[in-house]
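Encoded as structure tokens, the structure appears first; notes follow it.
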Amino acid sequence: MFDPILDFLAAAYPWTKSLHIIAVLTWMAGLFYLPRIFVYHVERVEVGDKTDEIFQVMEMKLYRYIMNPSLIAVWIFGLMLVFTPGIVDWFTIWPYTKGAAIIAMTWFHMWLGLRRKEFIAGTNTRSGKAYRMMNELPTLLMLVIVFSVIFKF
């Protein structure tokens, strides 16, 4: 049976997969770096001084111009891969573990956005240690995603 959408997805598969991987790499870079910036922002900057403004600009540009577009691209190309015929075996566990980890990673992205707004308002209450601990979450989620995709258990 001829289905132009499925045919397009199958033909575009190498491009879709490549663009998905590129988007994942840029998104992960931001997810690793923004909490680290928050650590230095908390530990080295006084609210309202010139350095506070510099950190806020760095955080905004990373979040808005790198992380948000990357998140959108990850989801678009990831969903294209999901709907490409023959790519996902829904009778195995890996699509569900990967999906849960991606949802958690997306939650973390949004959580970072809320923390950025707290810095803007001057109401951040978290310590550098808290941001260091949260900085480990994307690593753990990345391990779940990579092992799920590679081993396909």
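The values are calculated or read from the model by the stated rules, or taken from the named source; none is laboratory data. The structure displayed is predicted, hence computed values, not measured ones. A quick note on method: Cβ atoms are made from the backbone with ideal geometry, for glycine too, and the neighbour counts reach across all protein chains shown.
For this structure, a couple of remarks:
- Whichever residue in the stretch 113-127 is over 22 Å from the mean Cα position of the chain (by Cα) and free of Cβ contacts under 8 Å to residues at least 60 places away in the same chain and, among such residues, is nearest to residue 65 (Cα to Cα): 121
- A single entry from 125, 139 fulfils the requirement of being touching an Asp or Glu at 6+ places or on another chain (Cβ under 8 Å) and either surrounded by fewer than 18 Cβ atoms within 10 Å (Cβ to Cβ) or modelled with pLDDT of 95 or more (or both): 125.
- Residues of the stretch 40-79 that turn out to be of a type outside the set (A, V, I, L, M, F, W, C) and more than 30 Å from residue 149 (Cβ to Cβ), as a count: 14
- Evaluated against (1) of a type outside the set (Gly, Ala, Ser); (2) touching a Leu at 6+ places or on another chain (Cβ under 9 Å); (3) assigned to a helix (DSSP H, G or I); (4) free of Cβ contacts under 8 Å to residues at least 24 places away in the same chain, residue 107 falls short on exactly one condition, (2).
- In the stretch 18-42, residue farthest from residue 125 (Cα to Cα) [restricted to those that are among the hydroxyl-bearing types (Ser, Thr, Tyr) and more than 15 Å from the chain's Cα centre (by Cα)]: 18
Matching residues to (1) surrounded by fewer than 18 Cβ atoms within 10 Å (Cβ to Cβ); (2) in contact with a Leu (Cβ under 8 Å, 6 or more places away or on another chain); (3) small (Gly, Ala, Ser); (4) modelled with pLDDT of 95 or more:
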{"residue": "53", "(1), (2), (3), (4)": "yes, no, no, no"}
{"residue": "58", "(1), (2), (3), (4)": "yes, no, no, yes"}
{"residue": "61", "(1), (2), (3), (4)": "yes, no, no, yes"}
{"residue": "72", "(1), (2), (3), (4)": "yes, no, no, yes"}
{"residue": "79", "(1), (2), (3), (4)": "yes, no, no, yes"}
{"residue": "98", "(1), (2), (3), (4)": "no, no, no, yes"}
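- Of the residues making up the stretch 82-104, those that are part of a helix (DSSP H, G or I) and either in contact with a His (Cβ under 6 Å, 6 or more places away or on another chain) or of a type in the set (Phe, Trp, Tyr) (or both) are 83, 94, 96.
- For beta carbons closer than 7 Å, sequence separation of 6+ or different chains, a first residue in the stretch 80-102 that is under 16 Å from residue 146 (Cβ atoms) and a second that is polar (S, T, N, Q), the qualifying pairs are 81/16; 94/148; 97/148; 98/148.
- Top-ranked residue of the stretch 92-109 - restricted to ones that are aliphatic (A, V, I, L, M) and in contact with a helix residue (DSSP H, G or I) (Cβ under 9 Å, 6 or more places away or on another chain), ranked as nearest to residue 64 (Cα to Cα): 105
- Here residue 16 clears all of (1) in contact (Cβ under 8 Å) with a residue 24 or more places away in the chain; (2) surrounded by fewer than 19 Cβ atoms within 10 Å (Cβ to Cβ) except the condition numbered (2).
- Residues of the stretch 19-48 classified as surrounded by fewer than 19 Cβ atoms within 10 Å (Cβ to Cβ) and out of contact with any Phe, Trp or Tyr (no Cβ under 7 Å at 6 or more places or on another chain), total: 14
- Of the residues in the stretch 142-152, not one is modelled with pLDDT of 95 or more, among the basic types (Lys, Arg) and within 30 Å of residue 16 (Cβ to Cβ).
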